[in-house]
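Report on one structure; see the data block that follows.
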Amino acid sequence: MADKVLMKGNEAIAEAAIQAGCRFYFGYPITPQTEIAAYMAKRMPKIGGTFLQAESEIAAINMVYGASAAGARVMTSSSSPGLSLKSEGLSYLAGSDLPAVVVNIQRGGPGLGGIQPSQSDYFQATRAPGHGDFHMIVLAPASVQEMADLTRTAFDLADRYRMTAMIFADGTMGQMMEPVALNTSEPERIEKPWAVTGTQSGRKHNIINSLSLDPAELERFNFDRYERYAAIAEKEVRWESYLMDDADVCVVAYGIAARVSKNAINEARKRGIKAGLIRPITLWPFPRKPLLAAADHCKAFVSVELSMGQMIEDVELATRCRRPVYLCNRAGGMIPSPEQVLESIVHANEGGTNQ
């Protein structure tokens, strides 16, 4: 690991991608992630990489498709409306079993909304990133250090499982500056015998394609893909547990909401309320097992979100509705304060009305 340097979250993602072996970046500027593209524009030419500002988000994701098909480590980034435009391409990547890293530094919506931070793309990332049956690995950092570390992880997971991995952060995480130590070690190299790299008359042609007109064949492809997803759900779930050993109230939060929640939990402990935190790091696959285990001793859960309430559904599913789940939220670019989260913890601890 290198010495720590002060970086924005967006810059940390970009440099970590380069250190992970990414040599192709295709994107389009949109607030609050434009620093990623700007950083890549400066760095890529200096290391023999390719930076290209595409004419649109749709063009960018299809360039990602082409580079990935050739076996390259490739990344694109955008913010909420831009991800919607990329959704068709994300489905093509999934249908072709191609690895790629996609970054969403979220802003408020719907529509153009505003440029302030949000977590309202949760359903899009975890439920419907594009048409058809598929998932992406979704990684949610809660610090600039994790912005860097999880970017490297995303490239490794994408190559290992031949699928898209998403860095999923709110605008605060993208703009925040913190000390970060970058991993400058040699990146993991995963063989890609399926890539379209030219045959030199030494093997059969590789074909990258998401079209299958035989329904029985397409069904088999989907079942096979979901077997892989099941293996990922078993092996690659990531979460952080904070003060959960004796917790009566379990707060569930990710990204900036988790950082705010820790302050509220510490204050709740001072008041004699046994609160703790489970922070999902992978939003897909979601950490269902630790939440279900927490339902054995917690009397209530609080889902803290920068949205109108989306992750709360996964909390309810994970706990099988054995305990009440309360929502503490702000929307439109607003962030819950520690005081608001504390109020929700007190309310949940007292068994108040679940609204």
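Details
- The orientation-averaged projected area of the convex hull spanned by the Cα atoms of the chain comes to 18.9 nm².
- The phi torsions of segment 254-265, fed into the Karplus equation with coefficients 6.51, -1.76 and 1.60 and a -60° offset, translate into couplings of 9, x, 4, 5, 5, 5, 4, 5, 4, 4, 5, 5 Hz, rounded to whole numbers, with Gly and Pro shown as x.
- Crossing angle, helix 338-349 versus the chain [Cα axis fit, 0-90 degrees, rounded to tens]: 60
- Rounded accessible area of SER261 (nearest 10 Å², 1.4 Å probe): 0
- Between 0 and 90 degrees, the angle of helix 9-19 with respect to the longest Cα principal axis of the chain falls at about 40 degrees.
- With the biggest extent put first, the Cα atoms of segment 179-249 measure 61, 39, 17 Å across the principal axes.
- For the listed residue pairs LYS192/LYS235; LYS262/LYS299; LYS4/LYS46; LYS8/LYS262; LYS46/LYS192; LYS46/LYS235, the alpha carbons are over 28 angstrom apart in LYS46/LYS235.
- With Rh defined as the Kirkwood radius, the inverse of the mean 1/r over Cα pairs, the Rg/Rh of segment 312-355 is 1.00.
- For the chain, the solvent-accessible area with a 1.4 angstrom probe is 43 square angstrom per residue.
- Per residue, the chain reaches -12500 deg cm²/dmol at 222 nm when only DSSP H runs of four or more residues are counted, each adding -39500 (n - 2.57).
- Remark: segment 6-51 is approximated by an ellipsoid whose semi-axes, taken from the C-alpha gyration tensor as √(5λ), come to 16, 13, 8 Å, largest first.
- Taking the C-alpha atoms only, the angle from helix 144-161 to the longest principal axis of the chain is near 50 degrees.
The values are calculated or read from the model by the stated rules, or taken from the named source; none is laboratory data. Keep in mind that this is a model prediction, so the values were computed, not measured. Areas reflect the complete protein model, heavy atoms only, side chains present, ligands, DNA and RNA absent. Shrake-Rupley method; radii C 1.70, N 1.55, O 1.52, S 1.80 Å.
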